[in-house]
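Notes for the one structure printed next.
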Amino acid sequence: MLRNTTLTSVVKAGAALILLLVVDVQSGQSQSGDGNVLRVFIFAGQSNMVGSDSKVADIERFPPFRGFGEPQPNVKFSYCIGRENKLRSNGWVKLGPVNNVVGPELSFARTVVKNSDAPIAIIKCAAGGTHLGGDWNPDKPEGFKMYPLTLELVRESLQSLTDAGIKYRVEGFMWHQGENDMFEASYMARYGDNLAHFLQCLRRDLKVPDLRCYLGELCTKTIWGMDLRPRMHAISLGQKQVAREDPLTQYVRTSHIGVEIGHPVGLHYHYGTLGQLQHGVNYADAYLGHLGQKTVTSRTLTAWPYPPRSRVKLFILAGHRNMEGERAFIQDLQAQGEGAVLLDPIPEIAFRYHLGGGYRQSSSWEPLGPVDYYDTFGPELSFARKLHAGGIASMAIAKFTHSGSQVIDWTPEGSEAKSRNLYPAFIDDIQAAMRDLEDRGHQVSLEGIFYHVGENDMSMGHYRRNVPSWLASIIRASRQDLGMPALRWFISQQPPTDHPDLNAIDVVSELESMDAGDPNIMHIKVFDLPGQERLPVITTAGIVRLGELLGGRYLETSGQRTGQP
């Protein structure tokens, strides 16, 4: 039976603990002269905090994170993970994987340590399938009674630091949970209020009134983000409510990060290995950003690349997982010899971007090149090289992607999950790029929108069936809102998911019909891309080839335009 530790037991633990909590732990910010104070972070939540369906061995498949499975002896770790069969550290140990699982704490710690000299420690209490309305309820914990269990773990871990004479400060609380509350109507409706109360109680019971909290967004790239769209949206509204009303709480965007690839259709509901590694980086970036420490390398154009009053051809690249480049890594290109040339910045091409639905955005035009986005890249690099080799000069590229989106999110109508609508921001981004070039004195020719069809959409019948009509509405609205009735759309499509339950929906033929019926729609079937190891995500070699094919199709059709956008 779990022991429900109360505030009284903390008082009995000794005045020294309370004094240390009040004096040394109050501030969640770095302070001058306290570089040796141990920063303690608490990680809590359900399965996507545990790291379910991840594997330590798979870390080596993702170049930016190789070696992250090795123990981190300089980082203290105390944990209680699981439901019926709990895994416990029984005190402080060195940070490393538990039970062959990759949790976000591994990459969080490495990122923070890399950017800070202060020592850190992590306390983790997480269990899959638990809900805030019951298990984590501070007033009436039910089920696995996660709230009292977490208090007990944190208090005992902190007491052992006190006993060892170690000065510390509880620096942050990282929370990822909410999916299970969406299955209970009352829990879902009150999620925001329950979360606010939960955090209030946590600060009170740990005697850390100014504890900063970081709320991990639920991932809309998962299967739950598709078939349970309204329910996921309801939880997100509750989270955002708390982040908006609580000045000590920050909403950490994670809907764009990697997701495990399931079988047989590719969809999954857990982050898996890559997603967990990126998950931890997101918390670290949020924490370091709060301290005013930037982890993103900025790039600037040293000189404006176009002659005054010249005509600039603007290309728009847009889409989801593969247009973003989820599993295409710059380290793979560095190891390929000739392919490494794609990594060289091209100052002659101005580039701006809006990635992950706004998770990473350029502040101004940059030289075309890899963006600091988990060391990944998209087809824009090979696309630009192909156009340049084909004689296209004075070009600029704007990229707008969200790998956590589905095609419906790009439609003008959107879905019932209104906060996931992308169309207004997408059109605004195009208009902003054109306006900026015009303000610099250039004539702008919008050469086309290059859109890679949503990959996850092909694995669920309702989405796959509606993709053609959704795309038609996006194209129609974009031409109207941009005032360009002949605006060209280049729609690339990889092989749709091959499954008996889905194959009756012939989405390829329908997109071919759109191509045949509109001379300014180009349907590009990219059915033989190299290196695609698992559906639906294209890896490095395939992303390079995708860019070449998009550029090649533009060059083939550049003299066949039926109207000037």
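A compact table of results
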item	result
Check on Y373, in a loop (DSSP other than H, G, I, E, B), surrounded by 16 or more Cβ atoms within 10 Å (Cβ to Cβ) and out of contact with any Pro (no Cβ under 6 Å at 6 or more places or on another chain)	yes
Qualifying residue in region 504-515 (condition: out of contact with any helix residue (DSSP H, G or I) (no Cβ under 8 Å at 6 or more places or on another chain), surrounded by 20 or more Cβ atoms within 10 Å (Cβ to Cβ) and closer than 27 Å to A389 by Cβ)	no
Exclusive hit being modelled with pLDDT of 95 or more, touching a strand residue (DSSP E or B) at 6+ places or on another chain (Cβ under 7 Å) and of a type in the set (S, T, N, Q), set Q431, Q406, Q443	Q443
Given (1) under 18 Å from R464 (Cα atoms); (2) touching a Ser or Thr at 6+ places or on another chain (Cβ under 8 Å), number of the condition G414 does not satisfy	(2)
Failed condition for R465, given (1) surrounded by 21 or more Cβ atoms within 10 Å (Cβ to Cβ); (2) charged (D, E, K, R); (3) part of a helix (DSSP H, G or I)	(1)
Number of the exception - D135 against (1) touching a residue at least 40 places away in the same chain (Cβ under 8 Å); (2) part of a loop (DSSP other than H, G, I, E, B); (3) touching a Lys or Arg at 6+ places or on another chain (Cβ under 8 Å); (4) not hydroxyl-bearing (S, T, Y)	(1)
Residues located in region 419-430, provided they are surrounded by 13 or more Cβ atoms within 10 Å (Cβ to Cβ), of a type outside the set (V, I, T) and either out of contact with any helix residue (DSSP H, G or I) (no Cβ under 8 Å at 6 or more places or on another chain) or part of a helix (DSSP H, G or I) (or both)	R420, Y423, A425, F426, D428, D429
Sole residue being surrounded by fewer than 22 Cβ atoms within 10 Å (Cβ to Cβ) and not in a strand (DSSP E or B), chosen from P496, P500	P500
Long-range neighbours under 8 Å by Cβ, at least six apart or interchain, first residue in the same structural domain as G51 (by TED's automatic domain parsing) and more than 16 Å from Q46 (Cβ to Cβ) within region 85-104, second outside any loop (DSSP other than H, G, I, E, B) and modelled with pLDDT under 95	none
Complete set of residues in region 518-538 that are under 22 Å from V265 (Cα atoms) and in contact with a Ser or Thr (Cβ under 7 Å, 6 or more places away or on another chain)	V526, G531, Q532, E533, L535, P536
Criterion (over 18 Å from the mean Cα position of the chain (by Cα), under 16 Å from G258 (Cα atoms) and among the β-branched types (V, I, T)) met by exactly one of V40, V75, V56, V50	V56
Meets criteria (outside any loop (DSSP other than H, G, I, E, B) and under 27 Å from K207 (Cβ atoms)) for E142	no
Residue match in region 379-391 (condition: of a type in the set (S, T, N, Q) and touching a Lys or Arg at 6+ places or on another chain (Cβ under 6 Å))	no
Residue pairs meeting the criteria (Cβ under 8 Å; at least 6 apart or on separate chains; first more than 18 Å from F490 (Cα to Cα), in region 380-394; second assigned to a helix (DSSP H, G or I))	none
Pairs where the first residue, in region 197-221, is in a loop (DSSP other than H, G, I, E, B) and the second is of a type in the set (D, E), C-beta under 7 Å, 6+ apart	L218/E179
Count of region 145-188 residues which are outside any helix (DSSP H, G or I) and either in contact with a Cys (Cβ under 6 Å, 6 or more places away or on another chain) or within 14 Å of I123 (Cβ to Cβ) (or both)	9
Test set (1) assigned to a loop (DSSP other than H, G, I, E, B); (2) touching a residue at least 60 places away in the same chain (Cβ under 8 Å); (3) of a type outside the set (S, T, Y); (4) more than 28 Å from Q443 (Cα to Cα) - G358 fails condition number	(4)
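The values are calculated or read from the model by the stated rules, or taken from the named source; none is laboratory data. These numbers were taken from a predicted model, which means no experiment stands behind them. Cβ atoms come from the backbone with ideal geometry, glycine included; neighbour counts cover every protein chain shown.
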